[in-house]
Amino acid sequence: MMDSWVRPTLFLATFLLMALLETAWPRRARSESRLKRNANNLGLSTFNALFMRFVPLLSAVGVAAWAEENGWGLFNLLQIPFLVEYVIVLVLFDLIIYWQHVASHHIPMLWNFHQVHHADHDLDASSGLRFHPVEIAFSMVIKCVAVLLSGATPESVVLFEIILNSCALFNHSNLKLPHALDRLLRLIVVTPDMHRVHHSVHRDETNSNYGFNIPWWDRLFGTYIKAPRDNHLDMKLGLPEYPESSQTVPILKMLTMPFAAKQDQPVVPPTHEKYVKSPS
């Protein structure tokens with residue numbers, strides 16, 4: 001199947017491209033060793049890929065192929081043109097991912113796993129790979145249900161996953177974009193400056209800018225913050241309850257982090273009281 005080689009190839013190419021661009025035009029100075037962070041984050045991503053290979057039935061593309069063969073889902077009943085279907089899939093699935101992300105911040109059990117992603121003290125393309133396997137599996141369950149109900153074709157699911165993965169690498173990158181270009185791109189895609197606010201140590205900022213692909217949802221649902229209160233160069237990233245360096249957080253510790261939540265800290269970031277819209 002096309003998915004078996006297209007996605008890995010494009011994923012690797014995108015990762016290498018973003019790694020090169022953020023090296024040439026960095027937005028922020030790094031606080032930690034890039035080599036050690038990349039080794040940990042890429043190692044966790046590799047573990048996740050292997051983990052998902054052994055989880056039966058959790059494949060959005062596989063579910064899409066089954067639904068197409070058996071006539072399940074709305075699109076299989078309507079027989080609409082592929083281009084129209086794909087636009088609907090891109091928008092609908094992205095909205096679902098947005099709300100899943102919001103839920104991951106406000107439901108304690110989900111936050112325990114999602115905090116693995118937020119405990120990173122630097123932000124670069126490798127941060128877009130740093131997710132706990134349980135969160136990856138949960139997200140795949142959500143997508144499989146969405147695919148089954150919608151009847152999205154395997155091709156449209158593959159394209160959505162390619163864009164989702166590429167956008168995650170892009171908006172987590174440490175790439176410096178000209179201000180005018182960033183402002184323009186924010187109309188159609190989540191930019192690195194926009195998403196970096198989401199990784200701030202300030203809890204109101206952590207609970208903002210949830211979008212991955214499409215930037216409209218945050219504006220529509222009131223979760224958008226234009227810029228961090230401490231500006232992009234001075235802001236601190238990560239979680240206050242995990243002050244230890246990412247260099248000392250090997251894969252095993254990231255895997256066990258959800259099961260050893262620190263009891264003296266709030267498990268779920270409190271809902272913001274006021275959104276700060278400081279200048280970019």
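The values are calculated or read from the model by the stated rules, or taken from the named source; none is laboratory data. Since we're looking at a predicted model, the values are computed, not measured. Here the Cβ positions follow ideal geometry from the backbone for every residue, glycine too, while neighbour counts run over all protein chains shown. Surface accessibility is based on the protein's heavy atoms, side chains included, excluding ligands, DNA and RNA. Shrake-Rupley method; radii C 1.70, N 1.55, O 1.52, S 1.80 Å.
Before moving on, here are some points about what is shown:
- Among helices (runs of 4 or more DSSP H) entirely within the range 72-176, having at least 1 residues that are charged (D, E, K, R) singles out 82-106, 133-150, 154-171.
Matching residues to (1) open to solvent by less than 80 Å² (accessible area, probe 1.4 Å); (2) modelled with pLDDT of 90 or more; (3) basic (K, R):
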position	(1), (2), (3)
I214	yes, yes, no
L220	no, yes, no
P228	yes, yes, no
N231	yes, yes, no
P258	yes, yes, no
K274	no, no, yes
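- Of all residues in the range 177-192 being in a helix (DSSP H, G or I) and among the charged types (D, E, K, R), the one that is most open to solvent (accessible area, probe 1.4 Å): R183
For every residue, the table says whether it meets (1) at negative phi; (2) in contact with a Leu (Cβ under 7 Å, 6 or more places away or on another chain); (3) hydroxyl-bearing (S, T, Y).
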site	(1), (2), (3)
R183	yes, no, no
S200	yes, yes, yes
D204	yes, no, no
N207	yes, no, no
N213	yes, yes, no
R219	yes, no, no
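- From the list L42, L50, L58, L77, the lone residue that is loosely packed, with under 11 Cβ neighbours inside 10 Å, modelled with pLDDT under 95 and under 21 Å from N165 (Cα atoms) is L50.
- Subset of the range 18-63 (residues that are of a type outside the set (F, W, Y), under 30 Å from A227 (Cβ atoms) and outside any helix (DSSP H, G or I)): P26, R27, R28, A29, R30, S31, E32, S33
- Test: residue in the range 93-111 that is modelled with pLDDT under 95 and touching a Gly at 6+ places or on another chain (Cβ under 9 Å): no
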